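Everything on this sheet refers to the single structure shown next.
Values quoted throughout were computed directly from the atomic coordinates according to the rules given, and no laboratory measurement underlies them. No experiment lies behind these values; they were computed from the predicted model shown. Ideal geometry is used to build each Cβ from the backbone, glycine not excepted, and the neighbour counts take in all protein chains shown.
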Amino acid sequence: MPLGPLETETEWLADSHYRIERGNSCWIEGRCRLSNAYLYDTEIAEAVQRRLANINAATHWREQSTLWLTLQRRFIYVQGCVAPGFDKQSFLKELAKTADVERVIDDTTTNPRAAQLPYKTLADPDRPVVDPGN
């Protein structure tokens with residue numbers, strides 16, 4: 001099972017400058033309608049639920065995957081397992097069409113028993129990950 005959005009205080013502090021800079025710059029430059037990227041999360045969460053229901057017939061994601069989605073600062077992190085024949089690229093492309101989403105990050109695997117996974121797990125949160133976000 002993916003660890004999800006849990007992070008240590010050290011990780012949170014290390015990322016704080018990036019979080020502030022990214023949200024403020026977008027708004028100051030007039031590229032974003034809200035001044036803080038986190039303000040989008042609630043709206044995106046509601047839109048993602050509708051989007052997932054809408055794209056299931058075309059992508060069959062419910063039958064061919066076990067996924068954990070984390071929505072944070074206009075990013076969607078997709079973690080979990082997908083069937084070997086699952087058209088992951090089409091699914092991610094459709095998910096990226098969700099309103100106000102800036103980026104979809106693919107941290108999925110077809111082998112949940114691999115020595116290294118693209119995400120941290122609840123069972124072993126300190127184990128290094130392989131190639132996250134690609």
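Some points to look at:
- Cβ-based exposure ranking for SER35, SER65, in which fewest neighbours within 10 Å come first: SER35, SER65
- Loop-located GluC sites (Glu not before Pro) in the range 16-107 whose Cβ has at most 11 other Cβ within 10 Å (DSSP): GLU29
- Rel. contact order, % - alpha carbon contacts under 8 angstrom, at least six apart, the chain: 24
- The chain - share of DSSP beta bridges that are antiparallel (%, nearest 5): 55
- Each helix, a run of at least 4 DSSP H residues, gives -39500 (n - 2.57); summed and divided by the residues of the chain, these come to -12500 deg cm²/dmol at 222 nm.
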